């Protein structure tokens, strides 16, 4: 829960006009916002159920619809948004947000403010996805196998000669054999054919 004066100052700072339309929804914000959560955009408009106040904070998206004896509240996280669509017409603009379990269409006559809100949502969605990717893969993956690196390091070492026979370094000798490489005919292992055992001789009575 957040203090009411703090919410009023945040709405005033971003220039949100909720003096007439959206006053009841704005009064519910202190009960919904987390301590320290900052409102970045707030805009009045319509969605499929009627009039609502759409807010974008530094942590999530909020949709508030307050009517007498009825309160509709939706919370959408940036990392859950899979698609952001913006359509601009002559007098109105429409924002479409796609999530795994929800499709939200929000329309407003404040075209410029809704466009700025759309740009902010796109930036936040991209930032949260990039942060999640770095958390899952904190370091670049080294796709070279370990034995290949050891082979490159030891391949420059001089070779030895034992009893006149040219020897390769130990790391080269331990280098695994590629099973798909063509081998010489005499180096191939012959697999014995399947044969049945000879019939047993009849016992002499």
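With equal scatterers on the alpha carbons only and no solvent term, can you work out the Debye log10 of I(q)/I(0) for the range 4-135 at 0.18, 0.19 1/Å? The computed values of log10 I(q)/I(0) come out as -1.02, -1.14. Between residue 86 and residue 73, the simple spin-label model (points 7 angstrom out along Cα→Cβ) gives 2.9 nm.
Length gained on full extension, residue 5 to residue 98, computed as 0.36 nm times the residue gap minus the Cα-Cα distance: 30.2 nm.
For the peptides 92-102, 49-59, 64-74, the ranking by packing is 49-59, 92-102, 64-74, with the highest mean count of neighbouring Cβ atoms within 10 Å listed first.
All of the numbers you see were taken from the coordinates with simple rules; none came from a lab. Treat the numbers as computed from the prediction; the structure is a model and nothing was measured. Here Cβ is always computed from backbone atoms with ideal geometry, including for glycine, and neighbour counts include all displayed protein chains.
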